[in-house]
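A.B. asks: My questions will all concern the structure given below.
The values are calculated or read from the model by the stated rules, or taken from the named source; none is laboratory data. All values derive from a computational prediction rather than experimental measurement. Every residue, glycine among them, receives a Cβ derived from its backbone with ideal geometry; neighbour counts consider all protein chains shown. Just the protein is used for accessible areas: all its heavy atoms, side chains included, with ligands, DNA and RNA removed. Shrake-Rupley method; radii C 1.70, N 1.55, O 1.52, S 1.80 Å.
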Amino acid sequence: MRGIGASFVFIVHYVSLFGFLLAPLSVQTSIANFIASVGRGGVDLFFALSGFLIYASVLKPTFHWKTFLSRRVTRIYPVFLVVLSVYLLLSAYFPEHSRIPSDPVTATGYVVENIFLLPGVFNIPPIITIAWSLSYEFTFYVFMAIFATATGLFGRQQGTRVALMVGVLSLFGIGCALGTAHLSELAVFWVGIFVYEIFENQRLTDTLLGSKRVEVVVILLLLICLGAAGLKMLSGLRTAILFAGILPFLLCCLHSDGLIQRLCSWAHLRFLGSVSYSFYLIQGLVLWGLRTAYFHLGCTFGSFGVLLPVCFALTIAAASILFLLVERPFLVRKPEQGSSPRIFGKSFVGVP
């Protein structure tokens with residue numbers, strides 16, 4: 001799932017930076033724009049998966065909010081700070097491309113805002129374009145830590161948990177409708193929460209996913225919903241469309257031994273999923289560098305389709321180096337005893 005989400009986001013950035021290679025109003029341009037529209041849902045796939053994993057984490061008997069948030073900080077910040085440092089150095093070297101204000105005091109405040117992951121939830125332009133999503137991720141982490149501690153979520157019956165989460169989502173929807181529509185992205189985390197609760201009911205899951213032929217419909221539904229969600233529309237409608245597309249796909253990915261699970265178990269895709277956080281943060285920088293080099297060298301060769309796999313491979317290479325040097329040393333290798341969420345005998349270990 002992470003590999004798919006990372007690939008989708010890459011397509012968006014690639015079309016944005018290398019779309020100049022496409023002829024205006026051509027069939028290829030229309031196809032590329034549609035794929036980019038679908039690709040914008042890559043972030044939502046990450047959000048849904050995070051919702052599933054984080055919700056499973058706060059329901060563990062060993063859950064404690066301090067340990068939980070400490071691990072989230074350790075997971076998020078090392079790679080983020082390294083990539084942010086590279087952006088700051090490049091901003092000094094290429095001031096014409098810098099987003100940092102020229103005034104030292106304002107610049108310092110702006111950098112601090114980015115360090116604390118405020119761009120995204122707050123109307124602040126991020127230094128790392130894609131980092132707006134980390135603001136939503138960490139907001140969700142903090143909310144779940146507080147909510148799970150305050151309500152004693154672990155000891156609740158499933159019906160009570162579902163009622164609480166539906167209630168929170170309803171209140172959140174009302175708040176978005178009253179003037180915080182830009183926060184509607186947070187609702188996508190609830191896709192993963194509801195997937196977890198559906199998994200708790202094996203009879204319901206088997207009923208929903210009993211037929212292998214359902215998977216073809218689920219894949220088409222996902223692509224249609226992600227494509228539609230990329231269009232301009234009311235935030236509430238977009239969230240409903242994302243729920244309809246992502247929820248059954250995530251269910252099939254984790255439950256049935258069919259096409260979707262085999263796809264998500266493909267070794268190359270799983271590798272990309274393993275380095276997906278590094279890939280996610282560094283892809284914009286690598287693509288910008290490749291585009292700059294393309295113009296600096298006065299290149300006239302290469303087409304949109306030919307350069308795509310080349311750029312993809314180089315981005316994976318850069319992400320792999322970042323993963324090995326920075327991300328991997330901070331990963332939690334051995335979870336606490338009994339800490340792995342187990343559903344239908346399967347162990348889901350990992351952090352988004």
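A.B. asks: Accessible area of D103, 1.4 Å probe, to the nearest 10 Å²?
C.D. replies: Ignoring ligands and nucleic acids, D103 comes out at about 70 Å².
A.B. asks: While we're looking at this one, here's another question. Taking the chain, how much of its Cα-Cα pair set, in percent, is spaced more than 27 angstrom apart?
C.D. replies: So the pairs more than 27 Å apart make up 49 percent of the total in the chain.
A.B. asks: Specify the angular offset, from 0 to 90 degrees and rounded to the nearest 10, of the alpha carbon long axis of helix 132-151 from the longest principal axis of the alpha carbons in the chain.
C.D. replies: So the helix axis and the longest Cα principal axis differ by about 20 degrees.
A.B. asks: Another question, if that's okay. Sort I282, I174 by heavy-atom solvent-accessible area, probe 1.4 angstrom, most to least.
C.D. replies: Listed by decreasing accessible area, they come as I174, I282.
A.B. asks: Also, quick follow-up: Largest first, how would K60, K232, K66 line up by accessible area (1.4 Å probe)?
C.D. replies: K232, K66, K60
A.B. asks: Can you send over the solvent-accessible area of E327, 1.4 Å probe, protein chains only, in Å² to the nearest 10?
C.D. replies: Using a 1.4 Å probe on the heavy atoms, I get roughly 10 Å².
A.B. asks: Where a ≥ b ≥ c are the square roots of the eigenvalues of the C-alpha gyration tensor, would you call the range 1-110 rounded, which needs a/c under 1.5, or, failing that, prolate if a/b is larger than b/c, or oblate?
C.D. replies: Verdict is oblate for the range 1-110.
A.B. asks: Which Cα, out of Y141, P126, A228, lies furthest along the positive dipole direction of the chain (beta carbon charges, K/R +1, D/E -1)?
C.D. replies: Highest projection toward the positive end goes to Y141.
A.B. asks: Can you give the charge dipole size of the chain about its Cα centre, rounded to the nearest 20 debye, using +1 on the beta carbon of Lys and Arg and -1 on the beta carbon of Asp and Glu?
C.D. replies: So the magnitude is around 740 debye.
A.B. asks: To the nearest 10 degrees, how steeply does helix 189-200 sit against the main Cα axis of the chain, on a 0 to 90 scale?
C.D. replies: Approximately 40 degrees, to the nearest 10.
A.B. asks: Right, here's the next one. Label A244 and D257 with points 7 Å out from Cα along Cα→Cβ: what is the distance between them in nm?
C.D. replies: For A244 paired with D257, the spin-label model returns 3.3 nm.
A.B. asks: Also, quick follow-up: Calculated FRET efficiency, A267 and A163, Cβ-Cβ r, R0 30 Å, to nearest 0.05?
C.D. replies: Computed FRET efficiency for A267 and A163 comes out at 0.15.
A.B. asks: Turning to a different aspect of this structure: H296 accessible area, nearest 10 Å², 1.4 Å probe?
C.D. replies: Surface open to solvent at H296 totals about 150 Å².
A.B. asks: Might you tell me the accessible area per residue for the chain, computed with a 1.4 Å probe and given in Å²?
C.D. replies: Values: 17400 Å² over 352 residues.
Per-residue value: 49 Å².
A.B. asks: Using a 7 Å offset from the Cα along the Cα-to-Cβ direction at both V27 and A317, what is the distance between the two label points in nm, to one decimal?
C.D. replies: Those two pseudo-labels are separated by 3.4 nm.
A.B. asks: Also, I was wondering about something else. What number, in percent, do you get for the relative contact order of the chain if the mean sequence gap of Cα pairs under 8 Å and at least 6 apart is divided by its residue count?
C.D. replies: 29 percent
A.B. asks: How far is helix 2-18 tilted, in degrees, relative to the longest principal axis of the Cα atoms in the chain, given as a value from 0 to 90 rounded to the nearest 10?
C.D. replies: Roughly 30 degrees between the two axes.
A.B. asks: Put M144, M233 in order of accessible area, largest first, 1.4 Å probe: what do you get?
C.D. replies: Largest accessible area first, the list is M233, M144.
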